[in-house]
């Protein structure tokens, strides 16, 4: 990035109009006015207090080069790339366990971003623009005030994220207050959407009002809002691990590894460096006993098919497989992520089944039953591998239910 002295002086309002006209003439590509407005709004957002409180990359960027952040840097953000129509073409596939890097952005898109922002930023805005960069007019000072103005929201499906989820949810909550930031909570390992949100409002009063709402429904999903501070204290009282996005500013917390050791749990293993690093003959990863992946369910009536069960259970999260014996009224579901406690809390009244009056009641699976489940699944998989070359049958249950069906057949 160029030094501060190399960045041109901030242009005047009159010069801005001239620059935009010359840029438009030089580049035949023009953005729709509504898209251009969204691009400018997105850039302003990146420099806002609300965003910088949580964005380490931008916070570091505005602390360098006199606060100037060049357009060639800003265009690396996915949202701007999408709005500007930048092609997503990776340079190459994965090599040596490293993810592919996106292709370099053509200069015409950088120029398009620069022209759009120069034409949309006014004297009243909190940022100023040069030929090649943007910066805040006032230096950023981190603050923890956002915490008291933030609401934690549960109720959306785990792993099901729509393309414009942030925009749609922001518009929804904007009906109840001035939303300064909305963040989707994600699984720290897989980055899957957890179905939970953090909504920051402009004032504490707005946040408190939303937290008291008992009838919030977003497109059929009943939402459960609570002040972030209260949610944090509830988890802390239950001696649960406090994830980074929930941590109160200014307080110290153990790392996940430290918390696991202190609570007698095995810390998560470091990610393997490519599939070749896996031990030969090791059990398939899907049969590792990961806590929090299983829930027991009951209330199955009649000849209810596995597809219907998966649809019903899938409303709570991404289902890996369902374990239930033919004709049984109860079974076990395994999710793809450790969300059992969250699902149990969110769906305490059970899950309805499409086309049936039955309601699936959910319950936790104790440690012994969980261990037995994975042992059955692993044993069934090993038997299948020795008998048929390792190909899994269409069991729908990962092996745990196969033994019960075989026993019934022999009887």
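Derivation of every value follows stated rules applied to the coordinates shown; laboratory data play no part. Predicted model only: the values in this text are computed from it and were never measured. Here Cβ is always computed from backbone atoms with ideal geometry, including for glycine, and neighbour counts include all displayed protein chains.
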### Query
Mind ordering 235-247, 321-333 by average Cβ neighbours within 10 Å, highest first?
321-333, 235-247
### Summary
If the label point sits 7 Å along Cα→Cβ of residue 219, residues of the stretch 192-210 with amide N under 15 Å come out as 193-197
## Note on the structure
Once both label points are put 7 Å beyond Cα along the C-beta direction, the residue 202-residue 142 separation in nm becomes 2.7
### Summary
Expected sort for 170, 346 with the fewest Cβ neighbours (10 Å cutoff) up front is 170, 346
### Full-extension gain in nm, residue 367 to residue 257, via 0.36 nm per residue minus C-alpha separation
37.5 nm
### Summary
Rounded to one decimal in nm, the spacing of the 7 Å Cα→Cβ label points at residue 356 and residue 163 is 3.5
### Message
How far apart, in nanometres, would the label points at residue 240 and residue 265 be if each is projected 7 angstrom from Cα along the Cα-to-Cβ direction?
### Response
1.1
### Query
What ranking do 105, 199 get, fewest neighbouring Cβ atoms within 10 angstrom at the top?
105, 199
#### Entry: Relative contact order of the stretch 145-249, defined on C-alpha pairs under 8 angstrom at six or more residues apart (%)
35
